[in-house]
Amino acid sequence: MSIEKSAIREESGSRIYGDVVYVLVLVSILLLIIGCVTVMLRHSNATFCTIGGLLSGDPPNELKSCYTGVIMAGLNELENIGMTIFGSTVIIGLLLTTIVLMLRKDTIYAIISLALVAILLISALGIININLS
Amino acid sequence: MTIITLLMYATMVTTALLANPWLFFTSLMCLCIVIGFIASLAGVGGGVLFTPIMMAFTSINPDVVRSTGLAIATMSSLVSARPYLHGNLANFRLVLVSSVPYTLFAIIGSIIGLHITSVFGSVGKSIIRLSLGILVLAIAALFTVRGNKTDIPKPPRNRDKLAESLRLNSAYREGSLNMLIEYRVVNLQWGLLSLMGVGLVSGMFGLGAGWAIVPVYNMLMYLPLKVASASSIVLIGIGDTAAMWVYINSGAFIPLFAIPCLLGIIIGARLGSRIMPKVKVSWIRILVIIVMIIAGLRLIQQSLPLLVGWLP
């Protein structure tokens, strides 16, 4: 196959990845913005606590403690969903790319793409985790 | 030294002023708009300016800054990758092959970075600051020298069998010449080896790594400059996502801090790309280099007293 034909073939595969990650990132950012603005409007104490902690260089664990309590749990959900979507965009994009590559019988790249999904999943599922004190 | 002392006073005044939440978030967003604007004009990612500036001139915890730096690099990359993938400017096969070592080492880098700060405490933070300071000075030197990057490099005669067997050679349409440019990928194994180091640095310091990936692709693997830049953007999105997850799972990602920064960088980058044709970019590059040198020196100055006292 000529380089030109190969390049055109490649384009249709990578297109899906580009489209999927673009849409998902925008959705996740929107959710994160809504989550943050809601927290700021409804719970000024948590916001003050976070800002104070940030400015005094507190470790992340202490900053997270500003978010404890039953009231915060519901609001925090929106941020968590946004964060999960933001972090999962590449995994979803690569999974769809793997399916396309498998359908096109491009075995080598389907395996490479799947390996990347596996690496990203290991990282996302928290199998590797550092406890910050 | 006077500049550094003045900057220290400025930091203290700013810290005192920012006790109001809305003022804090607005100031943070404005700062990030400026960073995104300048970075876009200078042709670098926002993350490479954000992390050193925030670590050098604010008291915010380095883990929080690095996780946000990675989020900025990831988001910028994922948002801007689409047109490059649609136009086949990014070599997606090469990105997939490069992503395996880059992602693995970005994860390792983030683990090492977080481990240093959590085990060694303030000494660990100083080690990170010192290493980042030296790295930022090296990046500023790289920007000054600029290397011998060429738009369409001529690869050596000997072919890379591994790259050929993986069908990495490709083509793209060069708009300015209105023709299809075919290119060959060479030195694949050396390129992948270099990307391991780049991934490690990116994960460890929470920096976007376009400043290192583009030279590896362009000068070592002989990719045309446009293809190198486009592929680097797509690669950062994949690799830094994995590193970012390590920071998220360790609790270092604080949305209330990250969101104004992400928004600011997006707005700044958009403004920068619109103004770019009307501005003399060489001045902006000089400004970026000066900012990086000051941030690098400040990071070193912050870290040395504690490290000197800690050493036997």
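The values are calculated or read from the model by the stated rules, or taken from the named source; none is laboratory data. It should be emphasised that the depicted structure is a prediction, and the values quoted were computed from it without experimental measurement. Note that each Cβ is placed from the backbone with ideal geometry, even for glycine, and that neighbours are counted across all protein chains shown. When the accessible area is computed, the model is the full protein with side chains, heavy atoms only, and any ligands, DNA or RNA have been set aside. Shrake-Rupley method; radii C 1.70, N 1.55, O 1.52, S 1.80 Å.
Looking at B:Gly199 and the list (1) in contact (Cβ under 8 Å) with a residue 12 or more places away in the chain; (2) out of contact with any strand residue (DSSP E or B) (no Cβ under 7 Å at 6 or more places or on another chain); (3) within 30 Å of B:Leu177 (Cα to Cα), which single condition is not satisfied?
(3)
Among the residues of the stretch A:1-19 satisfying the criterion of being crowded, with 20+ Cβ neighbours inside 10 Å and at pLDDT 80 or above, which is farthest from the other protein chains (Cβ to nearest Cβ)?
Across the stretch A:1-19, the extreme among qualifying residues is A:Tyr17.
Mind checking whether some residue in the stretch B:86-97 is within 30 Å of B:Met54 (Cβ to Cβ) and in contact with a Pro (Cβ under 8 Å, 6 or more places away or on another chain)?
no
Which of (1) within 10 Å of chain A (Cβ to nearest Cβ); (2) open to solvent by 40 Å² or more (accessible area, probe 1.4 Å); (3) without any contact (Cβ under 8 Å) to a residue 40 or more places away in the chain does B:Gly121 not meet, given it meets every other one?
That leaves (2) as the condition not met.
Restricting to the stretch B:75-91, give me the number of residues that are open to solvent by 10 Å² or more (accessible area, probe 1.4 Å) and of a type outside the set (S, T, N, Q).
So the count comes out to 7.
Read through the list (1) at pLDDT 90 or above; (2) exposed (fewer than 15 other Cβ atoms within 10 Å of the Cβ), then give the number of the only condition that A:Ala110 fails.
Every listed condition holds for A:Ala110 apart from (2).
If you scan the stretch B:271-312, which residues turn out to be without any contact (Cβ under 8 Å) to a residue 40 or more places away in the chain and more than 28 Å from B:Ile128 (Cα to Cα)?
Quick first cut of the stretch B:271-312, residues without any contact (Cβ under 8 Å) to a residue 40 or more places away in the chain only: B:274, B:277-278, B:280, B:282-283, B:286, B:290, B:305, B:308-309, B:311-312.
Selection gives B:Arg274, B:Pro277, B:Lys278, B:Lys280, B:Ser282, B:Trp283.
Please go through the stretch A:38-61 and give me each residue that is at the interface with another protein chain (Cβ under 7 Å from one of its Cβ atoms) and in a loop (DSSP other than H, G, I, E, B), ordered by number.
Hits for the stretch A:38-61 are A:Ser56, A:Gly57, A:Asp58, A:Pro59.
Would you be able to tell me the number of residues in the stretch B:76-97 that are under 22 Å from B:Ser110 (Cβ atoms) and at pLDDT below 90?
Residues flagged as under 22 Å from B:Ser110 (Cβ atoms) and at pLDDT below 90 within the stretch B:76-97 amount to 5.
Tally time: how many residues in the stretch B:260-281 are open to solvent by 10 Å² or more (accessible area, probe 1.4 Å) and either at the interface with another protein chain (Cβ under 7 Å from one of its Cβ atoms) or in a helix (DSSP H, G or I) (or both)? Give the derivation first.
Our first condition is that a residue be open to solvent by 10 Å² or more (accessible area, probe 1.4 Å); within the stretch B:260-281, this holds for B:260, B:263, B:266-267, B:269-271, B:273-281.
Those still in the list that are either at the interface with another protein chain (Cβ under 7 Å from one of its Cβ atoms) or in a helix (DSSP H, G or I) (or both) too: B:260, B:263, B:266-267, B:269-271, B:273-278, B:281.
Result for the stretch B:260-281: 14.
Taking the options B:Leu168, B:Leu188, name whichever one is closer than 30 Å to A:Ala124 by Cβ, more than 22 Å from the chain's Cα centre (by Cα), buried (at least 18 other Cβ atoms within 10 Å of the Cβ) and within 12 Å of chain A (Cβ to nearest Cβ).
On the way: B:Leu188 fails: within 12 Å of chain A (Cβ to nearest Cβ).
Result of the check over B:Leu168, B:Leu188: B:Leu168.
If the Cβ limit is 7 Å and pairs must be 6+ apart or interchain, which residue in the stretch B:94-113 that is within 19 Å of A:Gly87 (Cβ to Cβ) pairs with which residue that is aliphatic (A, V, I, L, M) and not in a helix (DSSP H, G or I)?
These pairs meet every condition: B:Ile107/A:Ile128; B:Ile111/A:Ile128; B:Ile111/A:Ile130.
Name every residue in the stretch B:282-300 that is modelled with pLDDT of 80 or more and open to solvent by 60 Å² or more (accessible area, probe 1.4 Å), in order of residue number. It would help to see each step written out before you state the result.
Initial filter on the stretch B:282-300 (modelled with pLDDT of 80 or more): B:286-300.
B:Ile286, B:Leu287, B:Ile290, B:Ile293, B:Leu297 - these are the residues of the stretch B:282-300 that are modelled with pLDDT of 80 or more and open to solvent by 60 Å² or more (accessible area, probe 1.4 Å).
Quick check on my filter: what residues within the stretch B:222-254 are at positive phi and within 7 Å of another protein chain (Cβ to nearest Cβ)? It would help to see each step written out before you state the result.
The initial filter retains those residues of the stretch B:222-254 that are at positive phi, namely B:222, B:251.
B:Gly251 - this is the single residue of the stretch B:222-254 that is at positive phi and within 7 Å of another protein chain (Cβ to nearest Cβ).
Tell me which residues, restricted to the stretch B:171-185, are basic (Lys, Arg) and open to solvent by 70 Å² or more (accessible area, probe 1.4 Å). Before the answer, list the steps.
Just the residues of the stretch B:171-185 that are basic (Lys, Arg), to begin with: B:173, B:184.
Within the stretch B:171-185, B:Arg173 is the sole residue that qualifies.
Could you check B:Leu89 against (1) closer than 17 Å to B:Tyr247 by Cα; (2) among the hydrophobic types (A, V, I, L, M, F, W, C); (3) touching a residue at least 12 places away in the same chain (Cβ under 8 Å) and say which number it fails?
Result: B:Leu89 passes all but (1).
So which residues in the stretch B:47-62 are open to solvent by less than 10 Å² (accessible area, probe 1.4 Å) and more than 16 Å from B:Val201 (Cβ to Cβ), if there are any at all?
Hits for the stretch B:47-62 are B:Met54, B:Ala56, B:Ile60, B:Asn61.
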